[in-house]
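Please read the structure below before turning to the comments.
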Ligand SMILES: Cc1cc2nc3c(=O)[nH]c(=O)nc-3n(C[C@H](O)[C@H](O)[C@H](O)COP(=O)(O)OP(=O)(O)OC[C@H]3O[C@@H](n4cnc5c(N)ncnc54)[C@H](O)[C@@H]3O)c2cc1C
């Protein structure tokens, strides 16, 4: 069932066991799983069926630190959430991403890749993905990795009919949960805002917060403040360890030979370090996106190379007449070191129309990440030399220790951390089952539970974790 | 005058200082391995690319 307003929902007699906040990939996936298990669920969605400026305005906020996207641009507030404009690039976190890195504090998850692997066939079905293929090592240091460019499922569109027909799932649109109330053991109710005014409280046995990787922290910080710690009793890490995938053009390459890898339909190939290389260099994970550029792009690179390395330029010219493939741009996205100082705070001065403080995002890239970017390109460049696949040129700003450019992609719109998973309650907010520490009936879905970000786009892992949480809760509730 | 300059003449110190860069150059003999990786002007190359 889908209701266009809270008023319309109230007119029917539907008692929910579980209340999910948010209808993005996380919320929709969990709702479908619980519904399929015969558990009555209400999904409260702040936005309507369509984009609107008014709804989007609730997402405004400020960033302090490094340049970042406007917070009302980097996500969408209507049915289906940010899946309405995601690019559909899919890959699940690497198994080593779940392991602690001795050289990077506060890394390591309380679960492993094996815990989400059983859900990957379901994820493939939901996101319409072909089979995952194993990574292909092209040297001891570098893996050629698969990044699937999927059809970019819009969750609101794809599942609207199914949800509308469902007897167990009620999606209630234009209903904003402004706050949860709790007594330090249980969440008692969600306070609602609908039709431009307070709409009372909604009660259920279980609550799952799936409002997105920025909003989950905001809602819980505000709820906790209002209920004197009654919603997140162990709140030291709440809002902290927030992460993105910074993304910059780090250099170019001349390619002669593609025998070790293939480019995809959009002329791109993706590379990451081997676990051994990361450990040896004490760097984070990264992904190099090699974009084959049009043939004329190679001329300026060869001219530049001729001044530096005549022999190489000759080799290139020879290859050119033989089978030189092209020049390429090298974009690098990397795993951020999880830092408590990168955090979501509540604004002290600015509130949204419902009176909820807006987000103040504190975010800065670290020195370890800068080293990851530079050493990563060196690793890749060395691999191309050793295998005689081509040559890499590191961008001037990076090679010369300059500032990050401000006119580039900046990051991936991937909002991770803030309510991270863990066993240490001073450094995490939820346990390995995504249940808030100290609370009996409060869970969190989405990438805010990520302990570390890995290098890949998050939604495949979000959906896998959502399937797992759906199964877990079905068992807990069914027992 | 310090103990150090009393014992060793200023000229000896200057000579030692001038000799230093040359000594360190000797210690770090130029790499002649044609397959060695070198970084020049941002390019990651094989030494033999430069010849
Ligand atoms: C431009 C862009 C490109 C992207 N490309 C990729 C990609 O290629 N690959 C990839 O893996 N990821 C990509 N992403 C990220 C991806 O969109 C997110 O990871 C994913 O949508 C997160 O799902 P979610 O369900 O956790 O949150 P969201 O999709 O943000 O959904 C949250 C939902 O909660 C609702 N909501 C918010 N607050 C409340 C509240 N208080 N009460 C009730 N409802 C509320 C919102 O309206 C929204 O519908 C991209 C993102 C952007 C912006």
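Just so it is clear, none of the values below were taken in a lab; they were calculated from the coordinates. Remember, it's a predicted structure, so these values are computed and weren't measured experimentally. Reconstructed Cβ throughout: ideal geometry from the backbone, glycine too, with neighbour counts over all protein chains shown.
Taking the Cβ-Cβ separation of residue A:228 and residue A:366 as r and a Förster radius of 35 Å, what is the calculated FRET efficiency to the nearest 0.05?
The calculated FRET efficiency here is 0.55.
How far apart, in nanometres, would the label points at residue A:17 and residue A:135 be if each is projected 7 angstrom from Cα along the Cα-to-Cβ direction?
So the label points at residue A:17 and residue A:135 sit 4.0 nm apart.
Please tell me the relative contact order of chain A in percent, rounded to the nearest whole number, where contacts are Cα pairs under 8 Å and at least six residues apart.
Value for chain A: 24 percent.
Applying 1/(1 + (r/R0)^6) with R0 = 25 Å to the Cβ-Cβ distance of residue B:38 and residue A:279, what FRET efficiency is obtained, to the nearest 0.05?
So, using R0 = 25 Å, E works out to roughly 0.50.
Taking the Cβ of each residue in A:194, A:5, A:217 as the centre, tally the other Cβ atoms inside 10 Å and list the residues starting with the fewest. Can you show the working numbers first?
On the way: A:194 21, A:5 16, A:217 30.
So the ranking, lowest neighbour count to highest, is A:5, A:194, A:217.
By how many degrees, between 0 and 90 and to the nearest 10, does the Cα long axis of helix A:310-321 differ from the longest principal axis of chain A?
With rounding to tens, the tilt is 80 degrees.
Is the C-alpha gyration tensor of the range A:341-479 telling us rounded, prolate or oblate? Criteria: a/c under 1.5 is rounded; beyond that, a/b larger than b/c is prolate, otherwise oblate.
Values: a/c = 2.87, a/b = 1.62, b/c = 1.77.
Here the range A:341-479 falls in the oblate category.
Compute the helix-to-body angle for A:297-308: its Cα long axis versus the longest principal axis of chain A, expressed 0 to 90° and rounded to tens.
So the helix axis and the longest Cα principal axis differ by about 50 degrees.
Based on other C-beta atoms within 10 Å, arrange B:38, A:351 from fewest to most.
Ranked by crowding around the Cβ, least crowded first: A:351, B:38.
What order do you get for A:153, A:43, A:18, A:62 when you list them from fewest to most C-beta neighbours inside 10 Å? Walk me through the numbers before you get to the answer.
Working: A:153 22, A:43 29, A:18 26, A:62 15.
Going from sparsest to densest Cβ surroundings: A:62, A:153, A:18, A:43.
With everything on Cα atoms, drop me the angle between helix A:215-226 and the longest principal axis of chain A, reported from 0 to 90° to the nearest 10.
With both axes taken from Cα atoms, the answer is about 40 degrees.
For the modelled label position 7 Å from the Cα of residue A:185 along Cα-to-Cβ, which residues of the range A:438-479 have backbone nitrogen atoms closer than 11 Å?
A:440
Can you compute the FRET efficiency between residue A:386 and residue A:115 using 1/(1 + (r/R0)^6), with r the Cβ-Cβ distance and R0 = 45 Å? Round to the nearest 0.05.
0.80
What 222 nm value per residue comes from the helices of chain A, counting each DSSP H run with n ≥ 4 as -39,500 (n - 2.57) and dividing by all residues, nearest 500 deg cm²/dmol?
-8000 deg cm²/dmol
Under 8 Å for C-alpha pairs, at least 6 residues apart: give me the relative contact order for the range A:143-272, rounded to a whole percent.
Result for the range A:143-272 is 25 percent.
Could you give me the radius of gyration and the Dmax of chain A, taking only the C-alpha atoms into account and expressing both in angstrom?
23.5, 79
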